[in-house]
Amino acid sequence: MKIRVPATSANLGPGFDTLGMALQYYNHFMAAPAEAVSIAVSPATCVDISAMSLAPEENLLAQAYEAYFRFRSEPVIPATLTVEAHIPLSRGMGSSSTAIVAGLYLADLMHPEPLGKEAILPWSVALEGHPDNVVPAMMGGVRCCLSHGESILLEWPEQWGILLVIPPTPLSTHQAREIMPPHYTTADTVETLRGMAAWIHGLSTRDAALFGYALQADRIHQPARGSLIPEFQVLQDLLTPAQAIGCVISGSGSTLAVYTPTLEDCQTLKATLSSPESPLAHCKIITVKPDTAGATIQ
């Protein structure tokens, strides 16, 4: 049994723990019957996963796989779970969410009476703690996520480009959440709410100017997290309105997402930021498109 699960970019500016997007950038996972639950790594893995424990009790993939059977109050069907990782760890691209989604989905597929993705989606939210990565990873698309797996599917404009700037330095979700302030002013909360409304309307009407305003309206997570990602301020200083609609921290970082008015602008900007003279030349810079399928059987 083999599946692929897309990377995700979450928060997307003012949509903290709410907005998320699946990307055409994938991890692959396999399950095969065995005498016990264990983790293996495919030789096709192409990113550093040395920080990932292969002990089932410490591995998210195995934990999610076994949690599926607890949710159903049934004994675990033992399996060898194989990871083929292409999404870098601790970069704000949803690598942890792919493991949670894969563990649940593989368990469902191994079960003689599978429930289907929609049925197990709330379990993924329960395991992750927030929906904005696991929901698009499971279901695909751009999603405004509600509390328990419900979501509103939004449509990304085909002509808009997406560029990811991936620094070499990882940033843990725990560290990124720890730096956020415990309280917010009314003014900051209201401005972020305005940004959220503008984000959704700007996207649905293809209004790049309104969408650009929305990307800068966040007062919840990016002002604090930006201090952990030096490349964020560098990128903001480099971009001009002619080049990009705007940029945001992807998930908790350290990856940054840039949105451009056209796909051609995206390629031009990639070349500029990747040049040896660029202050971001040390980063991996790629163009991506939204994934619309989510977790799929291969």
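The values are calculated or read from the model by the stated rules, or taken from the named source; none is laboratory data. Here the structure is a predicted model, which means the values were calculated and not measured. No Cβ is skipped: glycine too gets one built from the backbone with ideal geometry, and neighbour counts run over all protein chains shown.
Of all residues in region 29-73, those satisfying the criterion of being in contact (Cβ under 8 Å) with a residue 24 or more places away in the chain and among the acidic types (Asp, Glu) are GLU35, ASP48, GLU66.
Could you tell me which of the residues LYS284, LYS270 is of a type in the set (Lys, Arg) and surrounded by fewer than 19 Cβ atoms within 10 Å (Cβ to Cβ)? Can you show your working first?
Details: LYS270 fails: surrounded by fewer than 19 Cβ atoms within 10 Å (Cβ to Cβ).
Within the list LYS284, LYS270, the selection yields LYS284.
May I ask you to verify whether GLY161 is free of Cβ contacts under 8 Å to residues at least 12 places away in the same chain and either over 16 Å from the mean Cα position of the chain (by Cα) or on the phi < 0 side of the Ramachandran plot (or both)?
On the way: free of Cβ contacts under 8 Å to residues at least 12 places away in the same chain: no; either over 16 Å from the mean Cα position of the chain (by Cα) or on the phi < 0 side of the Ramachandran plot (or both): yes.
It is false that GLY161 is free of Cβ contacts under 8 Å to residues at least 12 places away in the same chain and either over 16 Å from the mean Cα position of the chain (by Cα) or on the phi < 0 side of the Ramachandran plot (or both).
Looking for something of a type outside the set (D, E, K, R), buried (at least 23 other Cβ atoms within 10 Å of the Cβ) and assigned to a loop (DSSP other than H, G, I, E, B) - is there at least one such residue anywhere in region 117-139? So far as region 117-139 goes, yes, one or more of its residues are of a type outside the set (D, E, K, R), buried (at least 23 other Cβ atoms within 10 Å of the Cβ) and assigned to a loop (DSSP other than H, G, I, E, B). Checking each residue in region 140-165 for being crowded, with 18+ Cβ neighbours inside 10 Å and either over 25 Å from GLY246 (Cα atoms) or among the aliphatic types (A, V, I, L, M) (or both) picks out VAL142, GLY149, ILE162, LEU163, LEU164, VAL165.
Here's the yes/no breakdown for (1) more than 16 Å from PHE16 (Cα to Cα); (2) in contact with a Lys or Arg (Cβ under 7 Å, 6 or more places away or on another chain); (3) free of Cβ contacts under 8 Å to residues at least 24 places away in the same chain:
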position	(1), (2), (3)
PRO170	yes, yes, no
ARG177	no, no, no
PRO182	no, no, yes
ILE200	no, no, no
THR205	yes, no, yes
ASP218	no, no, no
CYS247	no, no, no
SER250	no, no, no
LEU256	no, no, no
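Looking only at region 85-113, which residues are of a type in the set (A, V, I, L, M) and farther than 12 Å from LYS2 by Cα? Listed by number, the residues that qualify are ALA85, ILE87, LEU89, MET93, ALA99, ILE100, VAL101, LEU104.
Listed conditions (1) crowded, with 24+ Cβ neighbours inside 10 Å; (2) over 30 Å from LYS284 (Cα atoms); (3) over 20 Å from the mean Cα position of the chain (by Cα) are all met by LEU81, apart from (2).
Pick from THR205, THR262, THR240: which is loosely packed, with under 15 Cβ neighbours inside 10 Å, over 22 Å from the mean Cα position of the chain (by Cα) and at pLDDT below 95? After applying the criteria, what remains is THR240.
Highlighted here are the helices (runs of 4 or more DSSP H) found entirely within region 183-298 that include at least 2 residues which are closer than 30 Å to SER96 by Cβ and hydrophobic (A, V, I, L, M, F, W, C): 186-205, 208-215, 230-238, 263-274. For region 133-147, the count of residues that are without any contact (Cβ under 8 Å) to a residue 24 or more places away in the chain and either in contact with a Ser or Thr (Cβ under 6 Å, 6 or more places away or on another chain) or of a type in the set (S, T, N, Q) (or both) is nonzero. Of everything in region 74-98, what is touching a residue at least 60 places away in the same chain (Cβ under 8 Å) and not charged (D, E, K, R)? Give them in sequence order. Residues satisfying the conditions are HIS86, ILE87, PRO88, LEU89, SER90, GLY92, MET93, GLY94, SER95, SER96, SER97, THR98.
Each row is one residue, and each column tells you yes or no for (1) farther than 30 Å from THR192 by Cβ; (2) in contact with a strand residue (DSSP E or B) (Cβ under 8 Å, 6 or more places away or on another chain); (3) surrounded by fewer than 22 Cβ atoms within 10 Å (Cβ to Cβ).
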position: PRO14; (1), (2), (3): no, no, no
position: MET21; (1), (2), (3): no, yes, no
position: ALA55; (1), (2), (3): yes, yes, yes
position: ALA67; (1), (2), (3): yes, no, yes
position: TYR105; (1), (2), (3): yes, yes, no
position: HIS111; (1), (2), (3): yes, no, yes
